[in-house]
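> Quick one: the structure is below, and I'll ask about it shortly.
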2 protein chains.
Amino acid sequence: MVVEQGDRLILITNDDGLYAAGLRTLLEIAEEFGKVVLISTMESMSGMSQALTVKNPIRVKLLEENEKHRIYTCNGTPTDSVKLAINQLTERMPDWLLSGINHGSNASVSVLYSGTMAAALEGCLYNIQSVGFSLNDFSSGADFTICKKYIRIILNSLTHNRLPEGVCLNVNIPSVPENEIRGIRVCRQAKGSWKEEFEKRKDPMGKTYYWLTGYFVNREPDATDTDEWALANNYVSIVPIQVDMTAHAFINELEKWFNNSK
Amino acid sequence: MVVEQGDRLILITNDDGLYAAGLRTLLEIAEEFGKVVLISTMESMSGMSQALTVKNPIRVKLLEENEKHRIYTCNGTPTDSVKLAINQLTERMPDWLLSGINHGSNASVSVLYSGTMAAALEGCLYNIQSVGFSLNDFSSGADFTICKKYIRIILNSLTHNRLPEGVCLNVNIPSVPENEIRGIRVCRQAKGSWKEEFEKRKDPMGKTYYWLTGYFVNREPDATDTDEWALANNYVSIVPIQVDMTAHAFINELEKWFNNSK
């Protein structure tokens, strides 16, 4: 079944808030591929992972509507936003869910904390073709124009390919001049972790508080098939990410632990 | 290397808050296996997933200290709590991280939203042996005594086995009388998803708001190797969960999408 461009319904969200430059760039490109429903929060929701709002009511507001798009804001997390949009705001199930463009990399284990990728995972739980995009630049002045070419390539490819059920894409784009980008690499998630360094401070009342800071350590810097290697070597990395978190390779071994207690 | 019981350092957290009955049951059992550092929030943090607190400072308070345990409370998410405890509160890297006992199942895709399992995943990012426990009963009056036998079996098994790097355990316990529990089953995460039904209401000012509700749909009810099947058939389910979310089986196919754009 071919979806005509004019018929394609695209849901967009992010975790950097409605006025993030990355979101505006993604909206501009997405409108070339279909009709857009965009939902985002007024404030940044970075690091929200797949959090849900269960103790507070969610409010939503239609901000803008024209032939190309409808723009909503709500007070929920990125995952709430996707659920609310699909269940209450779109006339039918969207064809695509695009999340981002995030200000900062979501490569390696950052996928576990990322609100951007949580929205994409939520999309594929609804069996929507879902992609999260991130630019490897945390700064508020990040230049998103270099993302456009590769996002177009990836979306073009989505027009005639289909992701399997329960799989979405984690796309990370290096922050270098466009002519230095060496192409696209399909990768696996690098092994690594964040090393935390809490900053301990005293408030004006003399009481201690902490700021969470930290830096990422790539535990396999020489492996050339990882997203971290691709980004560090000026490739656009694409990792297929799945909702099934089972460590299948360990099941047989684990069964031996409990053979006597069945 | 054998860790003596008296030397074993166990970090405990949960996402239901400090006064949850499930946390108290887990503390009681953990003290049989080592010295405990417990950190939890005053309020429930259900559905927080692996969210991080990046825009607000985190405060922590030592509430209780004796020979068996130290109990802290903090205002962060379960993931923040683990990071803060490991980096600021424990004298060395804990040997085990135990999370729960959650009030309600974290089987199937609930692992993606669960604060309980996020804490366990965070533990295994630090290469700590980590287990999340959940009882399949959301009610505040849930009876956690039936969990004790199986938690002891699992922790005993952890005293002489080792989880691979990047893998933790998701344990779900059926809420039935202990003599009806048929044993332990090592499983995979069932395919399923939450169907949302937002409840739309009007506030006293006449403005619309939504409550997130929903119910879980098991998309493979006949598969006998899943956690959902095990729970429904009165088995304790144990799923090994990994931090690597790569859909490895789809990498070759995905490479074909982009062969011409390299």
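Rule-based calculations on the coordinates, nothing more; no lab input. Since this is a predicted model, take the numbers as computed values, not measurements. Neighbour counts are summed over all protein chains in view; Cβ atoms, including those assigned to glycine, are modelled from backbone coordinates with ideal geometry.
> Would you tell me the mean number of C-beta atoms belonging to other protein chains that fall within 10 Å of each C-beta in A:248-255, as a whole number?
Average neighbour count from other chains, rounded to a whole number: 6.
> Something else now. Principal axis extents for the protein assembly as shown, Cα atoms only, whole Å, descending order, please.
64, 55, 48
> If you don't mind, there's one more thing I want to ask. Using alpha carbons only, how many angstrom separate the centre of the stretch A:86-130 from the centre of the stretch B:73-90?
Result: 28 Å between the Cα centres.
> For a bin width of 5 Å, list the pair-distance distribution of chain A built from all Cα-Cα distances, rounded to whole %.
Computed distribution, short to long bins: 1, 6, 12, 17, 18, 16, 12, 8, 5, 3, 2, 1, 0, 0.
> Name the most mobile residue of B:Ile101, B:Ile184, B:Ile173, meaning the one with the largest mean-square fluctuation, in a Gaussian network model of chain B with Cα contacts below 10 Å.
Most flexible of the set in this elastic network: B:Ile184.
> Under a point spin-label approximation (7 Å from Cα along Cα-to-Cβ), what is the A:Asn56-B:Arg182 distance to one decimal in nm?
Placing both labels 7 Å beyond Cα along the Cβ direction yields 4.4 nm.
> Quick one: label points 7 angstrom along Cα→Cβ at B:Asp7, distances to the other copies in nm, smallest first?
Its label point is 6.9 nm from the equivalent points in the other copies.
> When only alpha-carbon atoms are used, what values of Rg and Dmax, in angstrom, describe the stretch A:47-121?
13.2, 39
> Using a/c under 1.5 as the rounded threshold, could you call the stretch A:7-147 rounded, prolate or oblate? The axes a ≥ b ≥ c are square roots of the C-alpha gyration tensor eigenvalues, and prolate needs a/b larger than b/c, oblate otherwise.
Cα axes put the stretch A:7-147 in the rounded bin.
> Turning to a different aspect of this structure: To the nearest whole number, what is the average tally of beta carbon atoms from other chains within 10 Å of the beta carbons of peptide B:73-80?
Taking the mean over all residues of the peptide, I get 2.
> Now for a different question. Please work out whether the stretch A:149-194 counts as rounded, prolate or oblate from its C-alpha gyration tensor, where a ≥ b ≥ c are the square roots of the eigenvalues and a/c under 1.5 means rounded, while otherwise a/b larger than b/c means prolate and anything else oblate?
Oblate.
> Please compute the net charge surrounding B:Gly214, taking Lys and Arg as +1 and Asp and Glu as -1 over other residues with Cβ under 9 Å from its Cβ.
Result for the neighbourhood of B:Gly214: 0.
> Per residue, how big is the convex hull around the C-alpha atoms of the stretch A:171-233? Give it to me in cubic angstrom, could you?
It comes to 114 Å³ per residue, whole-number rounded.
> Pairs of alpha-carbon atoms within less than 8 angstrom and 6+ residues apart define the contacts here; what relative contact order does chain A have, in percent?
Relative contact order of chain A: 17 percent.
> Ok, one more. Which Rg and Dmax, in Å, describe the Cα atoms of the stretch A:100-153?
11.8, 35
> Still on this structure, please answer the following. Residues of B:199-208, mean number of Cβ from any other protein chain within 10 Å of their own Cβ, rounded to a whole number?
That works out to 1 on average.
> Let me ask something else about it. Please find the FRET efficiency linking B:His248 to B:Asp222, where r is the Cβ-Cβ separation and R0 is fixed at 41 Å, and quote it to the nearest 0.05.
0.95
> Do any cysteines in chain B lack another Cys Cβ under 4.7 Å, and if so which?
Among the cysteines of chain B, those whose Cβ sits 4.7 Å or more from every other are B:Cys74, B:Cys147, B:Cys187.
> For chain B, set up a GNM with springs between Cα atoms under 10 Å and report which of B:Lys83, B:Lys202, B:Lys149 has the largest fluctuation.
B:Lys202
> Please list 3J(HN,Hα) in residue order for the stretch B:43-60, calculated via the Karplus relation 6.51 cos²θ - 1.76 cosθ + 1.60 where θ = phi - 60°; whole Hz, with x for glycine and proline.
Working through the residues one at a time gives 10, 5, 10, 4, x, 7, 6, 8, 4, 10, 9, 10, 9, 10, x, 10, 10, 9 Hz.
> Can you give the local net charge around B:Cys124? Use residues other than it whose beta-carbon is closer than 14 angstrom to its beta-carbon, Lys and Arg +1, Asp and Glu -1.
Local charge sum for B:Cys124: 0.
> What is the dipole size for the stretch A:42-158, taken about its Cα centre, with +1 at each Lys and Arg Cβ and -1 at each Asp and Glu Cβ, in debye to the nearest 20?
It works out to roughly 100 debye.
> Taking chain A as a Gaussian network, Cα atoms linked when under 10 Å apart, which of A:Glu196, A:Glu28, A:Glu228 shows the biggest mean-square fluctuation?
A:Glu196
> With both partners inside chain B, how many of the DSSP beta bridges are antiparallel, as a percent to the nearest 5?
40
> Relative contact order for the stretch A:1-112: what is it in percent, counting Cα pairs under 8 Å that are at least 6 residues apart?
36 percent.
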